[in-house]
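As structure tokens, the structure follows; a few thoughts come after it.
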Amino acid sequence: MSFFQQLRKKITNLIVFDEGKEQEGFLLVSEKENGDQERQEGKKSKQKEKKKSNKQGKADKNKQFRVKKEAFKKPVRVSKTPLSLAEQREKNKEKNMEKSMKKEPFFPEKLFVSSSLEVNKGYLEKIYSLPKNKDIILREFYIALHPPLKAFVLFIDGLAEKEIINNSILKPLMVLLDEEAKIEGSEIAEYIKEHLLPGHDVQVLEKYQQILDWVNYGGTAIFIEGCAQCLVVETKGWDKRAVGKPEVEQVIMGPHEAFNETLRSNTGLIRKALRNENLITEMVKVGSRNKIDVAIMYLEDLTNPQLIAEVKRRITSIKTDYVGVSGVLEQFIEDEPFRLSPQILTTERPDRVVSFLVEGHVTVIVDGGPQALIVPATLFSLLHSSEDYYLRMPYGNFLRILRVFALFIAILTPSIYVSIVTFHQEMIPTELLLAIAASRATVPFPTIFEVFAMEFAFELIREAGVRVPGVIGNTIGIVGALILGQAAVQAGIVSPILIIIIAITGLASFAIPNYSISFAFRGRRFIFTILAAFFGFFGISGGLFLFLLSLVNMKSFGVPFLAPISPKTKTGPDVVLRGPVWSMEERVDYLDPLERSRQPNISRGWIKNRRGGRAK
Amino acid sequence: MKKELVGHSEAAAFIIIMIGAKAFLGYPRIVTEWGLTAGWLVVLLSGLISIVFWLMIVGVLGRFPGKPLSEIAEVTLGPVLGLGINTFVFLYSIFGTSNHLRLFSEAAILTVLTETPVIILALIFVLTAWLAAYYGIEALFRSAYFSFPFLAIGVALVLLVLYPYYDFKMLLPLTGPGVWPVIKSSFWGTSAFGEVIILAYLVRYFSFKPERLKNVGVFSLSFVMMFFIAITGVYLMVLPVPASSETLVPFYQLSRSIFLGHYFQRVEAVFVIFWTFTAFISIAAGILVGAIILQDTFKLPSYRPLLPALCLLTFSLAFTPLDLIQTVKLEGEVRMSYGWIPTFVLPLLIWAAALILRKGENKTNDS
């Protein structure tokens, strides 16, 4: 066959494949009926298909003509160079063509299991790029029937538990079985499922896409000769982190369990703490490439159905190829992506999730991430900590008051310092003013530069402390904070009082329990400092006004961010301060839960004073 | 477009801040000039008269449930006269806002930013007000409600820590210049409470029932009256009559007088945050209310496109007076003396016309 004939044939096949969605050696069926018919044909169908495609290609003269035309538009010159070079070029072209053919789109979602084991094997080799893909295991064996039935199992090494595969799949089918079963066709899959496989979760599937979803998530697929169905067995068994202690939301009183990276462990932790049959866990897949599982959890008899529908609507509408962790999903579903404040509460504590679920919130957990998202969130919920509730009311309130002060210190301290030193020196008592003036006498920079330099150094230390390995991180923090600060003062770059200001501000920002809102406040601190440098307290006042405006204008899943204070809605005694647990009789109004009441007016049945209050 | 709605608490806080903002400008000085040692009495009587006026205005609103005063004016007096009255009220609103803009800018220069050009401060006020008004009525009312306790605590703190200087003898004689001058001044003094009429123009933005509007107005007026009485009383007790009529920014002067030992003195700058915050809300609210009146008058679908023009108008009008003294005179001799005409008399005229023409008695007449 001449080169031109080979080229023409290749191009013709290429065009036919492209338009007919068929490929050499593989069966691609869009309709189930077609699939059934072709499954009967088994191995022969492959050859027939090949012929059929060639016939179709030949029959379509116009197309062929067009192809020919295309092929001859730019005729390949017959080179007068030595033959070896020309051959080399041809070989390269052929290789490229083969590569392009291999890259032709393949649609497993339209594919059905064939009754031919070889065809199925061919599909899987194509889908998983076997044998190039080394962690995909395709193990062929014979089911110990009379006569023996050829089959193979498919699983991913590292995701599936090999012990389960050996003991609960291969052993029963290969060794323990000794029956003269006369079962044919699709019945064999059902028979094996019901009689031979002891796995707790075994399903019979026909669509390739469903099978792939199982295998990609640690399942094992069993293909059997002559059966147009596939058995899938739940064999998840990858290495995972055990349930550990919370890293960010540590408490002294209360549980010390935190989520890990496995979705089922996380949902299990929540179910363990909330033993209620009305707790619903809906699963949604997000990301066209990683198809990550996203769990939406809520209490069906309590949560507002509109809120649930809105959460589902936002998540299911996401069209992207990859969503790795909850932080990425958060950015896809939040109301105001350009605002500094977060509008979704992120937690690593199952007990915190449960406390919000029983209030009527919805929780979203992304597989692979150790955090849960709670929606909607308000400013006050972001400033609360789970320990506020685990401690007695006075202690909890003490912590909350401390946190309110910390909030204002974290936002305003550097800006107030800049204002006073730059514009309002009269506020400072004379002795203190002299001390500050003396300490600043050796500093050659303006106050705003000093503040920004130290703020930047502090943020740098914080970031470095987080990024470097654990033991060194602490050392970096100490070295950075103490030695650098001391050296900066001695070098006359900053004044000693500024070290105190920055240290207090840093401590206050760490006292804010939510990591995201802490970031938001730290960012605002810089804005306030700039405003103070230009306009003193007047600038701070204007900044506060704009800050407040932005907060009142924000919403989280339809709930105003400053609810229940602004707008004022009905709520229990748990906003800034909290009342005794027995006085929290109603749930928050802004969620509009299906049941407002949490407990009767007299929740402590043992007290004699029916009007509540102290027991007699 | 989403319907903006505000509750009764937010409405009350908003009105209190709108009226109360005057306390940080020259109001205590003006009532002291009018009533001398009985300045607090002038405030009390003005407040009571305003409450009576408000109850009469609620009568007008009751005849036209759910309709704003601008629409009632057109229904009652016809489109031409109604348009004229609404335009007059709008101009008064913008005039008041621009005067406040200038006064607050000048006050900031007098107190804390002595080197800053007044135009820069006015520009900051106007741009912030533009943004706030653009966020909408919900955001502004909610901001007012959220900040209200902080502002109230700030003011109360100033008044309380001045207790070493309280001299009750400074309030004598109780009737000041005499009964009749006090009553006459009290009538003029109702202008200070005129912002309560905003409730009548924003009826359609309230989520509560129209019947509650009366309570909201009465509560706001009563609260702000007590607040004014407290400030004026303390002002008179701390700064006796001759000195009290010479201060341009009385509240700042009060906060400057604080001396509670070596480490709690000269803290007036801290309280600048409170009164400038009130100024930001007040100016933004003035522009927003002006835009809403104009929107209702000309039946426009949205008020937001009007905001840039109104901001520019307010800014330009603010610099029409040559200097601070002229602005203070304008505030005292025009706005505080005759402000009751557009705020109280016009609505009552509309009421009278509605009674005479029998408008608003039933639905057929409304149309």
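Some notes on this structure:
- Given charges at Cβ of Lys, Arg, Asp, Glu: the range B:8-366 dipole, positive-most of B:308, B:109, B:24: B:308
- Rounded if a/c under 1.5, otherwise prolate or oblate - the range A:391-560, Cα gyration tensor axes: oblate
- Averaged over the residues of peptide A:240-246, the number of Cβ atoms from other protein chains lying within 10 Å of each residue's Cβ is 0.
- If R0 is taken as 25 Å, the Cβ-Cβ distance between residue A:332 and residue A:466 corresponds to a FRET efficiency of 0.50.
- Shielding of peptide B:257-270 by partners, expressed as the average count of other chain Cβ atoms within 10 Å per residue Cβ, is 3.
- The alpha-carbon atoms of the range A:494-588, seen along their principal axes, cover 53, 26, 22 angstrom, with the largest extent given first.
- Counting neighbouring beta carbons within 10 Å and listing from fewest to most, the residues A:283, A:454 come out as A:283, A:454.
- Listed cross-link partners A:171/A:236; A:236/A:319; A:240/A:312 are compared with a 20 Å cut-off, the Cα-Cα value being larger for A:236/A:319; A:240/A:312.
- Remark on residue B:206: its backbone amide H falls under 5 Å from those of B:6, a criterion applied only to residues 5 or more positions apart or on other chains, H modelled at 1.01 Å from N.
- Take the Cβ atoms of residue A:515 and residue A:401, set R0 to 25 Å, and the FRET efficiency comes out at 0.70.
- Taking the fewest neighbouring Cβ atoms within 10 Å as the starting point, the ordered list for B:340, B:188 is B:188, B:340.
- Net +/- balance of residues flanking residue A:321 in space, Cβ distance below 13 Å, scoring K and R +1, D and E -1: +4
- Annotation for residue A:500 and residue B:226: the two label points, set 7 Å from Cα along the Cα-Cβ direction, are 4.0 nm apart.
- Divided by 2.2 N^0.38 Å, where N counts the residues, the Cα radius of gyration of the range B:35-181 comes to 1.42.
- Stokes-Einstein D (µm²/s) once Rh is taken as the Kirkwood radius of the range A:117-233 over alpha-carbon pairs, at 20 °C in 1.002 mPa s: 151 µm²/s
- For residue A:303, the residues 5 or more places off, or on other chains, whose built amide H falls under 5 Å of its own are A:594.
- Calculated from backbone phi, Karplus (6.51, -1.76, 1.60) coupling profile of the range B:157-172 in Hz, x at Gly/Pro: 4, 4, 5, 6, 6, 8, 4, x, 9, 4, 9, 5, 5, 5, 8, 9
- Phi angles across the range A:303-316 convert, under the Karplus curve 6.51 cos²θ - 1.76 cosθ + 1.60 with θ = phi - 60°, into 3J(HN,Hα) values of 6, 4, x, 5, 5, 4, 4, 5, 4, 5, 4, 5, 6, 6 Hz, Gly and Pro given as x.
- With the highest mean first, a sort of the peptides B:212-220, A:244-252 on other beta-carbon atoms found within 10 angstrom per residue produces B:212-220, A:244-252.
- Residues B:31, A:552, arranged from fewest to most other Cβ atoms within 10 angstrom of their Cβ, appear as A:552, B:31.
- Rounded, prolate or oblate (a/c below 1.5 giving rounded, otherwise prolate when a/b exceeds b/c) for the range B:8-366 by Cα gyration tensor: prolate
- A dipole drawn for the range A:418-513 from +1 and -1 charges on Cβ atoms has a positive end, and of A:493, A:443, A:478 the residue lying farthest that way is A:478.
- Close amide H contacts of residue A:345 (hydrogens built in the peptide plane, cut-off under 5 Å, sequence separation of 5 or more or a different chain): A:374, A:377.
- Sequentially through the range A:575-582, phi angles give Karplus couplings (6.51, -1.76, 1.60; θ = phi - 60°) of 10, 8, 9, 10, x, x, 4, 6 Hz, Gly and Pro residues having no value and appearing as x.
- Over the protein assembly as shown - Rg/Rh using Cα atoms and the Kirkwood inverse-distance radius: 1.11
- Note on B:272-279: average number of Cβ atoms from other chains within 10 Å of each residue's Cβ is 5.
Read the figures in this text as sums done on the coordinates, not as results from a lab. Since this is a predicted model, take the numbers as computed values, not measurements. Cβ: placed from backbone, ideal geometry, glycine included. Neighbour counts: every protein chain shown.
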